[in-house]
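Undergrad: Got a structure for you, written out below as structure tokens; questions coming shortly.
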Amino acid sequence: MTDLDSFRTEVAAWFEANRPPEPDFLLPESFMEVGTDQQFDYLRAWQRKIYEAGYLGMAWPTQYGGGGKPQAFQDIVNAEMTRQKVPFVPNTIGLNWAGPLILAIGTEAEKQRYIKNILSAEDIWCQGFSEPDNGSDLAATTTRATSDGDHYILNGAKIWTSLGSYAKYMILLARTEPGSTRYAGLSYFLCPMHTPGIETQPIRKLTGEYGFTQTFFRDARIPADCLMGREGEGWKIAMMTLTFERGATGGQAGGIARQALNVHDVLELAQTARRDGRPAIEDPLMRDQLVRFLIEDQGDRLTATRGTIPALCTERPHAIPLSQKLRTSEHRRRLLQFALTLQGANAPRWVGDANTFEGGKWQRAYFNSFSSTIGGGTSQIQANIVAERVLGLPKD
Ligand SMILES: Cc1cc2nc3c(=O)[nH]c(=O)nc-3n(C[C@H](O)[C@H](O)[C@H](O)COP(=O)(O)OP(=O)(O)OC[C@H]3O[C@@H](n4cnc5c(N)ncnc54)[C@H](O)[C@@H]3O)c2cc1C
């Protein structure tokens, strides 16, 4: 038995013994839907427990609270969390975007100050990129950060701030050079949210859940040392953040970010859900589509593995990482739409309806599946990226 094999056994046993009891309230599906204090407290305590057991940030440096081990160990933990369907960890933006960014380009002081508390969920992070009038077009950012001695004064608004109600810090893109346009004149901040003049207002989603906020800045003064890098480097740092966010770069701390219903759950559903009075799986058209989803799922997993073997990616080396978000989020949305069609006439029933299948969790999952096809860059933007950077097609 190799070290990794015995580690897998140890991790499996730990999660079996330590998974938290089922709560008597509905858990959110992902970090983008954490909407009540009850949900947040439960998930935060769970993240802390995993970290204290040594199973988060395993590949991050020990001097900042990480485990200092090869990434393969964290990969095993992530796979085991997925396999055992344990609850997800809520500090996704900290663990997977802000944290790796700070480790890659942060100062020693920033690493000392932020990394360990990201892992333990002591400090929750959010992201202030999108604005009411600019989402895909990030270079149109208008939120201002005006230098004033040893402070910056923030004015403007961000929107769709996931975890905005719970975050202590925000990775924030703002315009520091008055009169500048587009990419120049933007700067990047590690912004404390509990600052007078910063207010968040929860936004209700399609599913009736809350999870993101609009965030207002009204003459909010933050210390000048919240600036990351130098003034004017905001665009470069934002692009680096997006490579972490879209899964194209390694270095993330690990854990899982959602409670995913997967293709095997859909297979089970097909055996129990009924169409026209018979198990849905007996319908040849349904079977045909189900097999296609199973093949696609297996193909995606093998593709992800191939992406880690450079010798198999020589022709278009960036094709797999740059298409990852587009492939997986769209696959998930189509899969969950299919899961509803399996339910025939019961498909339109909603959470709370006594006759809905499995409490309406499939309906909720389907509506929520649009989140990842929009957040972090819409599918159209992702397709543009693949067209331009992988296939070399012209911008227009
Ligand atoms: C669940 C969820 C969580 C989110 N969390 C955060 C967060 O924590 N922080 C944050 O900053 N933002 C967050 N967002 C916002 C997200 O990043 C934006 O919604 C997204 O970038 C799109 O911007 P927009 O909504 O302004 O749409 P727009 O940019 O106005 O786009 C509208 C439509 O036009 C299409 N479009 C735009 N430009 C092009 C183009 N060049 N080519 C082809 N089609 C185009 C888009 O694909 C889309 O269909 C979140 C969004 C969701 C749904």
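Undergrad: Inside segment 141-167, can you point out the residues that are surrounded by 18 or more Cβ atoms within 10 Å (Cβ to Cβ) and among the charged types (D, E, K, R)?
TA: Within segment 141-167, Lys158 is the sole residue that qualifies.
Undergrad: Let me ask you something else. May I ask you to list the residues in segment 12-33 that are of a type outside the set (S, T, N, Q) and part of a helix (DSSP H, G or I)?
TA: Ala12, Ala13, Trp14, Phe15, Glu16, Ala17, Phe31, Met32, Glu33
Residues are listed down the side, and each one gets a yes or a no for (1) in a strand (DSSP E or B); (2) at pLDDT 95 or above; (3) outside the structural domain of Ile76 (by TED's automatic domain parsing):
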site	(1), (2), (3)
Arg182	no, no, yes
His194	no, yes, yes
Ile203	yes, yes, yes
Thr213	yes, yes, yes
Asp219	yes, yes, yes
Arg230	no, yes, yes
Ala238	no, yes, yes
Gly254	no, no, yes
Glu268	no, yes, yes
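Undergrad: Only one residue in Gly352, Gly392, Gly360, Gly344 is in contact (Cβ under 8 Å) with a residue 24 or more places away in the chain and at positive phi, so which one is that?
TA: On the way: Gly352 fails: in contact (Cβ under 8 Å) with a residue 24 or more places away in the chain; Gly392 fails: in contact (Cβ under 8 Å) with a residue 24 or more places away in the chain; Gly360 fails: in contact (Cβ under 8 Å) with a residue 24 or more places away in the chain.
That would be Gly344, the only listed residue that is in contact (Cβ under 8 Å) with a residue 24 or more places away in the chain and at positive phi.
Undergrad: Still on this structure: Got at least one residue in segment 215-222 being more than 14 Å from Gly156 (Cα to Cα) and surrounded by fewer than 21 Cβ atoms within 10 Å (Cβ to Cβ)?
TA: No, there is no match, as no residue in segment 215-222 is more than 14 Å from Gly156 (Cα to Cα) and surrounded by fewer than 21 Cβ atoms within 10 Å (Cβ to Cβ).
Undergrad: Got a sec? Which of Ser165, Ser136, Ser120, Ser130 is within 14 Å of the ligand (Cβ to nearest atom) and out of contact with any strand residue (DSSP E or B) (no Cβ under 8 Å at 6 or more places or on another chain)?
TA: Ser136
Undergrad: If Thr249 satisfies every condition in (1) crowded, with 21+ Cβ neighbours inside 10 Å; (2) of a type in the set (S, T, N, Q); (3) within 30 Å of Leu336 (Cβ to Cβ) but one, which is the exception?
TA: (1)
Undergrad: Looking only at segment 68-86, how many residues end up being closer than 23 Å to Ala304 by Cβ and assigned to a loop (DSSP other than H, G, I, E, B)?
TA: Step one: list which residues in segment 68-86 are closer than 23 Å to Ala304 by Cβ, which gives 69-86.
Subsequent filtering for residues that are assigned to a loop (DSSP other than H, G, I, E, B) retains 69-70, 85-86.
Number of matching residues: 4.
Undergrad: Can you tell me which residues in segment 344-361 are under 19 Å from Arg278 (Cβ atoms) and either modelled with pLDDT under 90 or of a type in the set (Phe, Trp, Tyr) (or both)?
TA: Gly344, Ala345, Asn346, Asn355, Phe357, Glu358, listed by residue number.
Undergrad: Is it fair to say Leu43 is outside any helix (DSSP H, G or I) and not assigned by TED's automatic domain parsing to the domain that holds Phe367? Spell out the reasoning first.
TA: On the way: outside any helix (DSSP H, G or I): no; not assigned by TED's automatic domain parsing to the domain that holds Phe367: yes.
Spelling it out, it is not the case that Leu43 is outside any helix (DSSP H, G or I) and not assigned by TED's automatic domain parsing to the domain that holds Phe367.
Undergrad: Within segment 111-140, work out how many residues are aliphatic (A, V, I, L, M) and surrounded by fewer than 18 Cβ atoms within 10 Å (Cβ to Cβ).
TA: Pass one, segment 111-140, residues aliphatic (A, V, I, L, M): 115, 118-119, 121, 124, 138-140.
Still in the running and surrounded by fewer than 18 Cβ atoms within 10 Å (Cβ to Cβ): 139-140.
So the count comes out to 2.
Undergrad: A further question on this structure: Among the candidates Ile105, Ile115, single out the residue that is among the aliphatic types (A, V, I, L, M), under 16 Å from Gly250 (Cα atoms) and more than 16 Å from the ligand (Cβ to nearest atom).
TA: Working: Ile115 fails: under 16 Å from Gly250 (Cα atoms).
Answer to the selection: Ile105.
Undergrad: Then there is this: Return the total of residues in segment 270-300 being under 30 Å from the mean Cα position of the chain (by Cα) and either in the same structural domain as Gly54 (by TED's automatic domain parsing) or not β-branched (Val, Ile, Thr) (or both).
TA: Taking segment 270-300 as the starting set, the residues that turn out to be under 30 Å from the mean Cα position of the chain (by Cα) are 270, 289-300.
Filter again for either in the same structural domain as Gly54 (by TED's automatic domain parsing) or not β-branched (Val, Ile, Thr) (or both), leaving 270, 289-290, 292-294, 296-300.
So the answer is 11.
Undergrad: Let me ask something additional. Could you say which residue among Asn96, Asn91 is in contact (Cβ under 8 Å) with a residue 12 or more places away in the chain, surrounded by 19 or more Cβ atoms within 10 Å (Cβ to Cβ), touching a strand residue (DSSP E or B) at 6+ places or on another chain (Cβ under 8 Å) and outside the structural domain of Ile203 (by TED's automatic domain parsing)? Lay out the reasoning, then the answer.
TA: Details: Asn96 fails: touching a strand residue (DSSP E or B) at 6+ places or on another chain (Cβ under 8 Å).
Result: Asn91 is the single residue among Asn96, Asn91 that is in contact (Cβ under 8 Å) with a residue 12 or more places away in the chain, surrounded by 19 or more Cβ atoms within 10 Å (Cβ to Cβ), touching a strand residue (DSSP E or B) at 6+ places or on another chain (Cβ under 8 Å) and outside the structural domain of Ile203 (by TED's automatic domain parsing).
Undergrad: Let me ask you something else. Name the residues in segment 168-183 that are without any contact (Cβ under 8 Å) to a residue 60 or more places away in the chain and either near the ligand (Cβ under 8 Å from one of its atoms) or not aromatic (Phe, Trp, Tyr) (or both), would you? Break it down stepwise before answering.
TA: Quick first cut of segment 168-183, residues without any contact (Cβ under 8 Å) to a residue 60 or more places away in the chain only: 168, 170, 172, 175-183.
Within segment 168-183, Lys168, Met170, Leu172, Arg175, Thr176, Glu177, Pro178, Gly179, Ser180, Thr181, Arg182 qualify.
Undergrad: Quick test for you: out of Gln298, Gln324, Gln337, pick the one residue that is at negative phi and without any contact (Cβ under 8 Å) to a residue 12 or more places away in the chain. Spell out the reasoning first.
TA: Numbers: Gln324 fails: without any contact (Cβ under 8 Å) to a residue 12 or more places away in the chain; Gln337 fails: without any contact (Cβ under 8 Å) to a residue 12 or more places away in the chain.
Among Gln298, Gln324, Gln337, only Gln298 is at negative phi and without any contact (Cβ under 8 Å) to a residue 12 or more places away in the chain.
Undergrad: Being among the acidic types (Asp, Glu) and within 26 Å of the chain's Cα centre (by Cα) is the filter; apply it to segment 346-396 and report the residue that is farthest from Thr328 (Cα to Cα). If you could, list the steps in order and put the result at the bottom.
TA: Start the filter on segment 346-396 by keeping residues that are among the acidic types (Asp, Glu), which leaves 353, 358, 388, 396.
When the remaining residues are screened for being within 26 Å of the chain's Cα centre (by Cα), the result is 358, 388.
Working: Glu358: 24, Glu388: 20 Å.
Top of the filtered list is Glu358.
Undergrad: Among (1) within 24 Å of the chain's Cα centre (by Cα); (2) more than 28 Å from Gln380 (Cβ to Cβ); (3) crowded, with 18+ Cβ neighbours inside 10 Å, where does Leu335 come up short?
TA: (2)
One line per residue, one yes/no per condition, for (1) in contact with a Pro (Cβ under 6 Å, 6 or more places away or on another chain); (2) surrounded by 15 or more Cβ atoms within 10 Å (Cβ to Cβ); (3) more than 30 Å from Glu282 (Cβ to Cβ):
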| residue | (1), (2), (3) |
| --- | --- |
| Thr308 | no, no, yes |
| Leu322 | no, yes, yes |
| Ser329 | no, yes, yes |
| Gly344 | no, yes, no |
| Pro348 | no, no, no |
| Ala354 | no, no, no |
| Trp362 | no, yes, no |
| Ser371 | no, yes, yes |
| Gln380 | no, no, yes |
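The values are calculated or read from the model by the stated rules, or taken from the named source; none is laboratory data. Owing to the predicted nature of the structure, the values given are computational and were not obtained by experimental measurement. FYI the Cβ positions are ideal-geometry reconstructions off the backbone, even for glycines, and counts take in every protein chain you see.
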